[in-house]
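Asker: To start, I am sharing the structure in question, which I have written as structure tokens.
What follows is calculated from the coordinates using simple rules that are stated; it is not laboratory data. Note that the structure is a prediction, hence the values are computed from the model and not measured. Quick reminder, even Gly has a Cβ in these numbers, built from the backbone with ideal geometry, and neighbours come from all protein chains shown.
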Amino acid sequence: MGSKLEYNRCGENKMNKQERATAKSVRIDPDTVLIAENLIKTYTTGNSTVAALNNINLKVKKGEFIAIVGPSGSGKTTLINCLGALDFPDSGKIIYNVDGKGMGLDLAVMTNKQQKKIRLSKIGLIFQFYNLFPILTAYENVELPMIIDKKSPQEREKRVKYLLKRIGLGERMDHLPSQLSGGEQQRVTISRALVNEPLIILADEPTGELDTETTTNIIKIFLELKNAGESILMVTHNKRIAKTADRIITLTDGVFTHETKGGKPIEDIYKH
Ligand SMILES: Nc1ncnc2c1ncn2[C@@H]1O[C@H](COP(=O)(O)OP(=O)(O)OP(=O)(O)O)[C@@H](O)[C@H]1O
Ligand SMILES: [Mg+2]
């Protein structure tokens, strides 16, 4: 897996159609959902160059909850954006277990259509500022990725109602985001992230705007999801809640500098 793949400015890889068609998938451990290898991303603005990601390697297992912590500007959002196929590394590999059974495919060798499909149905993205459509209700916001993924109306209704009820928003489905609290809006985005049954949840500061009690509730939801087999990669500035994750990885200047074990019960997080 050593060869270097390159992307162009639009994030499309530089292989031609023929090369992509013959690009082979790789076998990976069926219990691994994501492998990032030697990721490098450099930003150049004027005369200054920033190595936002400087040779990042990461493996995420099924049902694993990983927290990424690190100072502002250390590359956390860049990492989430690259793993989520919203941005692209200069080089390196991002291999997803596309069939859930060990068929690994690198984002760089996928066609644009495959990349879009992965983004839509295999990756659940959650951001600090919720990113809900203000003119759509909670129900409609959650339903949208299923409509884009061409799921049937019956399947959509069943799944959206199930998720919103499960997350405690059964009575709020018809509310617009402006009629919901911050914690409720973040629960809508969690439901939306889960709607197409993704391989992994990528969350960038999901509790950044929330108070302590609401933060605890969101982390409880993540822990329930983890226990149900979901994989979660969460960026956070909150060192306390990071301790509830299985692994806590510190990112400093684009490099993973430290890793510790977590697994602290949520009930103990705010005890002194
Ligand atoms: N589009 C861009 N153009 C130029 N430089 C950028 C761009 N995006 C990010 N950077 C730089 O890359 C580095 C990493 O940024 P990133 O947003 O990933 O940090 P972060 O760890 O998420 O920070 P924070 O905790 O403040 O959200 C920073 O030095 C930032 O200034
Ligand atoms: Mg950030």
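Asker: With the Cα gyration tensor of the range 213-255 in hand, convert its eigenvalues to equivalent ellipsoid semi-axes via √(5λ) and list them largest first in whole Å. Walk me through the numbers on the way to the answer.
Answerer: Values: eigenvalues 81, 37, 11 Å².
Result for the range 213-255: semi-axes of 20, 14, 7 Å.
Asker: Could I ask something else about it? I want to verify a result. In a Gaussian network model of the chain, Cα cutoff 10 Å, which of these has the top mean-square fluctuation: Ile148, Ile201, Ile123?
Answerer: Ile148
Asker: Hey, another quick one. Which order results if Tyr96, Tyr162 are arranged by neighbouring Cβ count within 10 Å, fewest first?
Answerer: Ascending number of Cβ neighbours within 10 Å: Tyr162, Tyr96.
Asker: Gain in length, Glu157 to Asn55, computed as 0.36 nm per residue apart minus the alpha-carbon separation, to one decimal in nm?
Answerer: Here the segment from Glu157 to Asn55 would lengthen by 32.4 nm.
Asker: May I pose another question? Nearest 0.05, what FRET efficiency do Lys101 and Ser178 give at R0 = 51 Å with Cβ-Cβ as r?
Answerer: 0.75
Asker: Only bridges whose two residues both fall in the chain count here: according to DSSP, what percent of them are antiparallel, nearest 5?
Answerer: 60
Asker: To continue, here is another question. With a 10 Å cut-off between alpha carbons and a GNM built on the chain, which of Thr207, Thr44, Thr260 moves the most?
Answerer: Greatest mean-square fluctuation among the candidates belongs to Thr44.
Asker: Sticking with the crude label model, points 7 Å out along Cα→Cβ, report the distance from Lys239 to Glu140 in nm, one decimal please.
Answerer: It works out to 4.4 nm between the two label points.
Asker: Given the range 24-132, report the % of alpha carbon pairs whose separation exceeds 25 Å.
Answerer: Tail of P(r) above 25 Å: 22 percent of Cα pairs.
Asker: Over the chain, with a Gaussian network built from C-alpha contacts below 10 Å, which listed residue (Asn227, Asn97, Asn54) shows the highest mean-square fluctuation?
Answerer: Asn227
Asker: Quick one: Kirkwood hydrodynamic radius for the chain, alpha-carbon pairs, angstrom, one decimal?
Answerer: Its Kirkwood hydrodynamic radius stands at 19.3 Å.
Asker: Next up: Could you calculate the FRET efficiency of Glu213 with Asp87 from 1/(1 + (r/R0)^6), where r is the beta carbon distance between them and R0 is 35 Å, rounded to 0.05?
Answerer: The computed FRET efficiency comes out at 0.55.
Asker: Could I ask something else about it? Want the number for Gln114 to Thr252: 0.36 nm per residue separation, take away the alpha-carbon distance, what's left?
Answerer: 46.5 nm is the gain from fully extending Gln114 to Thr252.
Asker: Two decimals is fine: what's Rg over Rh for the range 124-272, C-alpha atoms, Kirkwood radius as Rh?
Answerer: We get a ratio of 0.99 for the range 124-272.
Asker: Could I have the simple spin-label model distance between Leu223 and Thr45, label points 7 Å from Cα toward Cβ, reported in nm to one decimal?
Answerer: For the pair Leu223/Thr45, the computed spacing is 3.9 nm.
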